[in-house]
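The values are calculated or read from the model by the stated rules, or taken from the named source; none is laboratory data. Quick caveat: nothing in here was measured; it's all calculated off a predicted structure. Glycine also receives a Cβ, built like all others from the backbone with ideal geometry; neighbour counts cover every protein chain displayed.
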DNA sequence: GTTAAAATAATAATCGTTATAAAATTATAT
DNA sequence: ATATAATTTTATAACGATTATTATTTTAAC
């Protein structure tokens, strides 16, 4: 993914968003670090580069990006909005132990079937919670709780 | 589904939850009306029958039910926790127009595949947003916006 | 350069939820 | 039965993420 200032600027301009410095930086951050950051993470990280930045601006900016469908809102935990610049339909797995969020991909035709015929579907969200393989390994090494690891 | 007081009481007792009146009523409400209510909906509805009820009790009760895995938390809209007494893996479709939430079922083996090998998966959540068929019909009758209705 | 529009920042308000502490209820032991 | 302890419920306050409001700054138009 091209995350140069020019490319990000172009992306904003293409979507009729005036490419102000804060906007460029927020988008750049989302594209560069695909960590599904919270507002606070974005804010405190960018504050290092933009000392005058306010959290309101981050909220406003993300609101615009959502409206224009440049990012998607990830709603895994109540009271913790996260943002993803990858707007393709994909799933998120959150590890309850290390809190990391992993992307995963699937054939999106599998959902939205059956009873939902004749609906207009705008958004598809899939998320899982559990313990990631790395944390399972640690847990097992320490002789912790026994979890059934899932094999597909 | 059996939603008599006795059956609900039994359900709580089986899960080592003391079957107090508020708890029975909250569970009964969730089982009877499969509308995925918010805390406020549960609270204001039950207040009619239990005038001394406090919202804290509803929160506490739902918290216990979540812990014991008697209900699941539905996280479709930020700032609007909803609860579902159907803990089977199934999806929710929320109509952006009429706000109704429809259940839908799918083969759960389809998610959690691929990259998530060796993870322990505790929860699977799938939700969609869009316009339901009824609202699409109204919209079309009124000559509103054109949506592509989805046919699977 | 001056004026108008837009974006940003600072501040306050809102609202769902959680925490705390008091009151009421229920269970236990004598 | 009654006193005591434990649990549950209630009332109240606190919290924190988000939103609204207003002022300030920046950008664009003339």
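Considering only residues that are part of a helix (DSSP H, G or I) and in contact with a strand residue (DSSP E or B) (Cβ under 7 Å, 6 or more places away or on another chain), look in region A:1-45 and name the one that is farthest from residue A:76 (Cα to Cα).
A:30
Could you say whether any residue in region B:128-135 is surrounded by 20 or more Cβ atoms within 10 Å (Cβ to Cβ), more than 9 Å from every other protein chain (Cβ to nearest Cβ) and not in a loop (DSSP other than H, G, I, E, B)?
There is no residue in region B:128-135 that is surrounded by 20 or more Cβ atoms within 10 Å (Cβ to Cβ), more than 9 Å from every other protein chain (Cβ to nearest Cβ) and not in a loop (DSSP other than H, G, I, E, B).
Hey, any hits in region B:48-55 for a residue that's in the same structural domain as residue B:16 (by TED's automatic domain parsing), within 23 Å of residue B:2 (Cβ to Cβ) and in contact (Cβ under 8 Å) with a residue 24 or more places away in the chain?
Yes, some residue in region B:48-55 is in the same structural domain as residue B:16 (by TED's automatic domain parsing), within 23 Å of residue B:2 (Cβ to Cβ) and in contact (Cβ under 8 Å) with a residue 24 or more places away in the chain.
Can you report the number of residues in region B:11-29 which are free of Cβ contacts under 8 Å to residues at least 12 places away in the same chain and within 15 Å of DNA strand C (Cβ to nearest atom)? Outline the logic, then answer.
Initially, region B:11-29 is screened for residues free of Cβ contacts under 8 Å to residues at least 12 places away in the same chain, giving B:13-14, B:18-20.
Pick out the ones that are also within 15 Å of DNA strand C (Cβ to nearest atom) and you get B:13, B:18-20.
Matching residues across region B:11-29 total 4.
With respect to residue B:32, is the statement that it is surrounded by fewer than 18 Cβ atoms within 10 Å (Cβ to Cβ), more than 10 Å from DNA strand C (Cβ to nearest atom), outside the structural domain of residue B:103 (by TED's automatic domain parsing) and more than 16 Å from the chain's Cα centre (by Cα) true? Give the steps one after another, and end with the answer.
On the way: surrounded by fewer than 18 Cβ atoms within 10 Å (Cβ to Cβ): yes; more than 10 Å from DNA strand C (Cβ to nearest atom): yes; outside the structural domain of residue B:103 (by TED's automatic domain parsing): yes; more than 16 Å from the chain's Cα centre (by Cα): no.
In short, no.
Please determine whether any residue of region B:35-49 is within 26 Å of residue A:147 (Cβ to Cβ) and surrounded by 14 or more Cβ atoms within 10 Å (Cβ to Cβ). Before the answer, list the steps.
To start, the set of residues in region B:35-49 that are within 26 Å of residue A:147 (Cβ to Cβ) comprises none.
Checked against the condition, which is being within 26 Å of residue A:147 (Cβ to Cβ) and surrounded by 14 or more Cβ atoms within 10 Å (Cβ to Cβ), region B:35-49 yields no hits at all.
Taking region B:74-96, which residues are part of a loop (DSSP other than H, G, I, E, B), within 14 Å of DNA strand C (Cβ to nearest atom) and in contact with a strand residue (DSSP E or B) (Cβ under 6 Å, 6 or more places away or on another chain)? Let's see the steps before the verdict.
Of region B:74-96, the ones part of a loop (DSSP other than H, G, I, E, B) are B:78-79, B:85-90, B:96.
Those left that are additionally within 14 Å of DNA strand C (Cβ to nearest atom): B:78-79.
Once the filter is applied, which keeps residues that are part of a loop (DSSP other than H, G, I, E, B), within 14 Å of DNA strand C (Cβ to nearest atom) and in contact with a strand residue (DSSP E or B) (Cβ under 6 Å, 6 or more places away or on another chain), region B:74-96 yields only B:78.
Checking the condition more than 10 Å from chain B (Cβ to nearest Cβ) and either in a strand (DSSP E or B) or modelled with pLDDT under 95 (or both), which residue from A:112, A:144 passes? Spell out how you get there, then give the answer.
Working: A:112 fails: more than 10 Å from chain B (Cβ to nearest Cβ).
Result: A:144 is the single residue among A:112, A:144 that is more than 10 Å from chain B (Cβ to nearest Cβ) and either in a strand (DSSP E or B) or modelled with pLDDT under 95 (or both).
Report yes if residue B:75 is assigned by TED's automatic domain parsing to the domain that holds residue B:33, under 23 Å from residue B:26 (Cβ atoms) and surrounded by 15 or more Cβ atoms within 10 Å (Cβ to Cβ), otherwise no.
Details: assigned by TED's automatic domain parsing to the domain that holds residue B:33: yes; under 23 Å from residue B:26 (Cβ atoms): yes; surrounded by 15 or more Cβ atoms within 10 Å (Cβ to Cβ): yes.
Judged against the criteria, residue B:75 is a match.
Which residues, taken from region A:46-73, are more than 10 Å from every other protein chain (Cβ to nearest Cβ) and assigned to a strand (DSSP E or B)?
So in region A:46-73, the residues more than 10 Å from every other protein chain (Cβ to nearest Cβ) come out as A:46-72.
Across region A:46-73, the qualifying residue is only A:72.
Name every residue in region B:80-96 that is within 16 Å of DNA strand D (Cβ to nearest atom) and within 8 Å of chain A (Cβ to nearest Cβ), in order of residue number.
The answer is B:81, B:96.
Within region A:97-108, does at least one residue satisfy the condition of being under 11 Å from the mean Cα position of the chain (by Cα), within 16 Å of DNA strand D (Cβ to nearest atom), part of a loop (DSSP other than H, G, I, E, B) and more than 8 Å from chain B (Cβ to nearest Cβ)?
First, pick out the residues of region A:97-108 that are under 11 Å from the mean Cα position of the chain (by Cα): A:101-103.
In the following step, the residues that additionally are within 16 Å of DNA strand D (Cβ to nearest atom) were identified as A:101.
Right, trim to part of a loop (DSSP other than H, G, I, E, B) and you get none.
So far as region A:97-108 goes, no, none of its residues is under 11 Å from the mean Cα position of the chain (by Cα), within 16 Å of DNA strand D (Cβ to nearest atom), part of a loop (DSSP other than H, G, I, E, B) and more than 8 Å from chain B (Cβ to nearest Cβ).
Condition check ((1) more than 13 Å from the chain's Cα centre (by Cα); (2) at pLDDT 90 or above) across all residues:
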| site | (1), (2) |
| --- | --- |
| B:56 | yes, yes |
| B:85 | no, yes |
| B:95 | yes, yes |
| B:116 | yes, no |
| B:120 | yes, yes |
